[in-house]
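This report refers to the structure that appears directly beneath it.
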Protein chains: 4
Amino acid sequence: MKKARFEAFSDGVMAIIITIMVLEIKVPHGEQFSDLKDVIPVFLSYALSFLYIGIYWNNHHHMVSTVHQVTGGILWANLHLLFWLSLVPFATGWIGENHLSAAPLSLYGCVLLMAAIAYVILQNLIIKSQGQDSLLKKAIGKDIKGKISPVLYLAAIAFAWLYPIISGLIYVSAALIWLIPDKRIERLLRQIEDTPTQNGD
Amino acid sequence: MKKARFEAFSDGVMAIIITIMVLEIKVPHGEQFSDLKDVIPVFLSYALSFLYIGIYWNNHHHMVSTVHQVTGGILWANLHLLFWLSLVPFATGWIGENHLSAAPLSLYGCVLLMAAIAYVILQNLIIKSQGQDSLLKKAIGKDIKGKISPVLYLAAIAFAWLYPIISGLIYVSAALIWLIPDKRIERLLRQIEDTPTQNGD
Amino acid sequence: MKKARFEAFSDGVMAIIITIMVLEIKVPHGEQFSDLKDVIPVFLSYALSFLYIGIYWNNHHHMVSTVHQVTGGILWANLHLLFWLSLVPFATGWIGENHLSAAPLSLYGCVLLMAAIAYVILQNLIIKSQGQDSLLKKAIGKDIKGKISPVLYLAAIAFAWLYPIISGLIYVSAALIWLIPDKRIERLLRQIEDTPTQNGD
Amino acid sequence: MKKARFEAFSDGVMAIIITIMVLEIKVPHGEQFSDLKDVIPVFLSYALSFLYIGIYWNNHHHMVSTVHQVTGGILWANLHLLFWLSLVPFATGWIGENHLSAAPLSLYGCVLLMAAIAYVILQNLIIKSQGQDSLLKKAIGKDIKGKISPVLYLAAIAFAWLYPIISGLIYVSAALIWLIPDKRIERLLRQIEDTPTQNGD
C-alpha cells in the first residue's frame with residue numbers, strides 16, 4: 001500500500017515536470033513558419049529534457065520495482081531527487097532563451113549532476129534497506145552508465161565555457177546512452193523467478 | 001505492477017496535457033461579452049484539441065488493456081507518443097492566436113501526424129510482443145480509422161495553404177470519426193471470455 | 001481494471017483543474033499588505049471555484065463507485081463533463097479580473113450550468129447501463145440538489161445583469177447546499193450490503 | 001476502493017502544488033550567471049516550500065494509512081487542507097518577489113498556520129472515526145511536533161515585522177524539525193502486527 005502511494009506521487013511529479021516544460025515554448029505572435037525560428041532552440045532543449053525526465057522515470061520505475069518496504073529515508077531521498085528534477089524545466093527554459101550560451105549550458109549540467117547524485121543516494125538507501133542479498137545491487141551490477149553520466153555532465157559543464165556546441169553534444173550523448181534500455185534488472189528478475197533457490201548471478 | 005505504473009504515468013501526462021491547454025485561453029481584461037471575441041478562436045481550437053487528447057486517451061486505454069508485459073520498447077514508444085501529444089497545446093495555442101492561418105494549421109496537422117505515427121509504432125510493438133495470437137491484432141482488424149486519419153491530416157496540411165477553412169473542417173471531421181466508440185476491442189474481449197478455447201475471430 | 005484508469009484519469013484532470021486555478025492569482029509586485037487588495041476578488045472567486053470542483057470530485061467519486069462497467073458512452077460523457085469543468089479556471093479568472101461585473105458572472109453561471117447538464121447526462125448513462133435495479137437510481141432518489149442547482153445557476157445568470165451582488169450570493173449558496181455531504185449513496189450501499197437478498201429500498 | 005481514490009486525488013493535488021511552484025522561477029533574459037541573482041531568493045523560497053509540501057505529503061501518507069473508512073467529513077476536511085496548501089505557491093512567489101519583506105513573510109506564516117489547523121482538524125476527524133482504540137491517536141502520542149509548529153509560525157509572523165531574517169530562520173527551523181522522520185506510526189503499526197492481541201502501547 002505504502003509503496004503504491006510512493007510510486008503514485010513520484011509518477012505524478014514526473015508527469016507534471018515532463019509536461020509543464022512545454023509551457024516554456026511560448027506561442028509566437030506571427031503566423032509564418034519563419035516566426036517559429038525563435039522557438040526552435042526552445043523546442044530542441046525541450047525535446048532533450050523530455051528525454052532526460054523520461055529516462056529518470058524509466059530507471060526509477062525499474063529501481064522501485066525491487067523495493068519491498070519504503071522507509072523514511074527512502075521517502076526523503078526520493079523527494080530530494082524529485083526536487084532536482086523539478087528544476088529541469090527552469091534550466092531548460094534558460095538554455096532555450098539563450099541558445100548555446102555558457103552559463104545556461106553549465107547550469108543545465110549542474111542540475112543534471114545534482115539529480116544524478118540524488119539518484120545514487122536513493123539507490124544506495126534502497127540497496128542498504130534490502131540487506132546482504134540486495135536484488136537491486138545485483139541488478140545494477142557495475143552500473144557503468146550510472147558512473148559515466150556524472151563524468152559526462154562535468155565534462156559538459158567545462159566545455160560550456162570553451163566550445164558550447166560540444167557541451168550540447170555531450171548532453172545529447174549522455175541521454176542517448178540511457179536510451180539503450182536497462183534490461184539488467186528485468187533479466188535478473190526473470191532469472192530469479194526461474195531458478196528459485198540458486199544464488200548465482 | 002509494472003503495467004499499473006505505466007498506465008498511471010500515461011494517464012497523468014495526458015490529464016495534464018488536456019488541462020494545461022486551458023491556460024492558453026488568456027482571461028480578457030475587459031468586462032463585456034464583446035471582450036470574449038478574441039477568445040473564441042482560442043476556445044474552438046481548445047475544444048478540438050481536448051477532443052483529440054480525449055480520443056488518444058480512450059484508444060490508449062483500450063489498447064493497453066490488451067498488454068500483458070510492458071517491455072522496454074513499449075515504454076519508449078509510449079514516451080515517444082506522449083512527446084508528440086505534449087506539443088498539441090503549443091500547436092493549439094498558435095492556431096488560437098492566428099485563427100485560420102496557413103502555417104499554424106499545417107503545424108497542427110504535423111503534430112497530429114507525428115502522434116498518429118507514434119501511435120502506430122506503439123501498436124505494432126504491442127502486437128509484436130503478443131506473438132502469433134495477438135489479441136490486439138485481432139481487435140484492431142483492418143484498422144480503417146487508424147489508416148484514414150494520417151491521410152486526413154496530410155490533406156488538412158495541404159489545404160491549409162489553399163483553403164484554410166477546409167483544413168479546419170478536415171481536422172474536425174477526423175476527430176468526429178473517432179467519436180464513434182471503438183467497440184471492436186471490447187467486443188472481442190467479451191467474445192474471448194465467452195468462448196474459452198476457440199480460436200476463430 | 002478499466003474502471004481504475006477511468007477514475008485515475010478523472011482524478012488527475014480534476015486535481016489539475018483545482019490546482020492550476022491558483023496560477024490566476026498573480027503575485028503582486030509591491031510588498032505591502034495593501035498590495036494584496038487587487039488579489040482579494042481573485043482569491044474569493046478562487047475559493048468558490050475550489051469548492052465547486054471539490055463538490056464535483058466528491059459527487060463523481062460517489063457516483064462512479066456504483067459503476068460496474070465503463071462503457072464507451074460513459075467514457076465520453078465523462079470527458080464531456082471534464083471539458084466544462086476545465087473551463088472553470090477561465091471563468092473564475094475573468095470574475096477575479098472584473099470583480100462583480102455582469103458578463104463574467106453570467107459566463108461563470110453558463111459554465112456551471114453546462115457542467116451540471118454534463119453531470120446529469122453522465123448520471124443517466126450510468127443508470128441506464130445498470131438496468132432495472134440501478135443502484136445509482138435508488139441512491140440519488142429524488143435528486144433534489146441536482147434539480148435545484150441548474151435553477152439557481154439560471155437565476156444567478158439573470159441577476160448578474162440586475163444586481164451582481166445577488167448573483168454572487170446565489171453561486172455561494174448553490175455551493176453550500178452541496179457541502180451537506182451526500183450520504184444517500186453511502187447509506188444505501190451499506191443497507192444493501194447488510195440485507196443481501198431483499199430488494200426494498 | 002474509496003480510500004484509493006481519496007489518496008490518488010490528494011497525491012495528485014500535492015504533486016501539482018509542489019511542481020507548479022517552479023513556474024514562479026521566471027527564466028531570466030540575460031545569459032550570465034549574474035542574471036540569476038534575482039532568481040536566488042525565489043529559488044530559496046521555492047526550496048523551502050518544496051520541503052513543506054514534501055513534509056505534508058509524508059505526514060498525510062502516514063496518517064491516511066491508518067484510515068479504514070473515508071467518511072464525508074474526512075473528505076471535506078482533506079479538501080480544506082488541500083485548499084490552504086494550494087495557496088503555498090502564491091505565498092512563496094510573493095516572498096520570492098520581495099525577498100525578506102514583512103508582509104510576504106507574515107502571509108507565508110498565515111498560510112502555513114491555516115494548513116496546520118486544517119491538518120489538525122483532519123487528524124481529529126480521523127481519530128474520532130476510529131473510535132476508542134484509535135490507532136492514529138496512539139501513533140501520534142503527545143504530537144509534540146504538531147503542537148510546536150503553529151507556535152513557531154505565530155512567532156515567525158510576529159518577527160516578520162521586527163527582524164525579517166529571524167522570521168525566515170524560524171520557517172526553516174520549523175521545516176527541519178519535521179525532516180526527522182515520523183517513525184512513531186511506522187513503529188506502532190509494526191508493533192501491532194507483531195503482538196496480535198495485546199493492547200498495550
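Any read-out appearing in this document is the output of simple, stated calculations on the displayed coordinates, not a laboratory observation. What you see is a predicted model, and the numbers here were worked out from it, not measured in a lab. When we count neighbours, we look across all protein chains shown, and the Cβ atoms used for this are built from the backbone with ideal geometry, even at glycine.
Figures for the structure shown
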{"item": "Residues in the stretch B:55-86 reached by a label modelled at B:Ile117 [backbone nitrogen below 20 Å; 7 Å Cα→Cβ]", "result": "B:56, B:73-86"}
{"item": "Principal-axis tilt of helix C:2-20 within chain C, Cα atoms, nearest 10 degrees", "result": "10"}
{"item": "Exercise: per-residue mean of other protein chain Cβ atoms within 10 Å, B:64-75", "result": "2"}
{"item": "Cα-only radius of gyration and Dmax that characterise the protein assembly as shown, units Å", "result": "26.6, 81"}
{"item": "At 7 Å out from Cα toward Cβ: D:Ile40 inter-copy label distances (nm, ascending)", "result": "3.7, 3.7, 5.2"}
{"item": "Proportion of all alpha-carbon pairs of the stretch C:45-121 beyond 21 Å (%)", "result": "30"}
{"item": "Label-point gap, in nm, between C:Lys2 and B:Phe33 - each point 7 angstrom along Cα→Cβ", "result": "4.1"}
{"item": "Relative contact order (%) - criterion: Cα under 8 Å, at least six apart; region: the stretch D:8-117", "result": "36"}
{"item": "Cα-based Lys proximity count in the stretch A:3-195, under 20 Å, for pairs eight or more positions apart or on separate chains", "result": "15"}
{"item": "Two-decimal ratio, the stretch B:3-195, of alpha-carbon radius of gyration to 2.2 N^0.38 Å", "result": "1.12"}
{"item": "Per-residue average of Cβ from other chains inside 10 Å of A:111-124", "result": "0"}
{"item": "Value of [θ]222 nm, deg cm²/dmol, for chain C, DSSP H segments ≥ 4, -39500 (n - 2.57) each, nearest 500", "result": "-25000 deg cm²/dmol"}
{"item": "Rough spin-label spacing in nm, given labels placed 7 Å along Cα→Cβ, for B:Gln69 and B:Leu44", "result": "5.0"}
{"item": "Exam field: C:Ser134 pseudo-label spacings to other copies (7 Å along Cα-Cβ), nanometres", "result": "4.0, 4.0, 5.6"}
{"item": "Cα-based Kirkwood hydrodynamic radius, the stretch D:1-79, one decimal, Å", "result": "14.8"}
{"item": "Teacher prompt: B:Cys110 distances to equivalent labels in other copies, 7 Å Cα→Cβ, nm", "result": "3.5, 3.5, 4.9"}
{"item": "Mean separation of Cα contacts under 8 Å (6+ apart) over length of the stretch A:92-168, as relative contact order %", "result": "45"}
{"item": "Ranked packing of D:68-78, A:72-82, most packed first, by mean Cβ within 10 Å", "result": "A:72-82, D:68-78"}
{"item": "Cα-based helix-to-principal-axis angle, D:183-194 vs chain D, degrees rounded to 10", "result": "20"}
{"item": "Degrees, to the nearest 10: D:164-179 long Cα axis against longest axis of chain D", "result": "30"}
{"item": "Rel. contact order, % - alpha carbon contacts under 8 angstrom, at least six apart, the stretch B:3-195", "result": "23"}
{"item": "Peptide-level mean, for D:81-88, of C-beta atoms on other protein chains within 10 Å", "result": "4"}
{"item": "Table column - 3J(HN,Hα) (Hz), the stretch D:105-119, Karplus curve with 6.51, -1.76, 1.60, x for Gly and Pro", "result": "4, 6, 4, 4, x, 5, 4, 5, 5, 4, 5, 5, 5, 4, 5"}
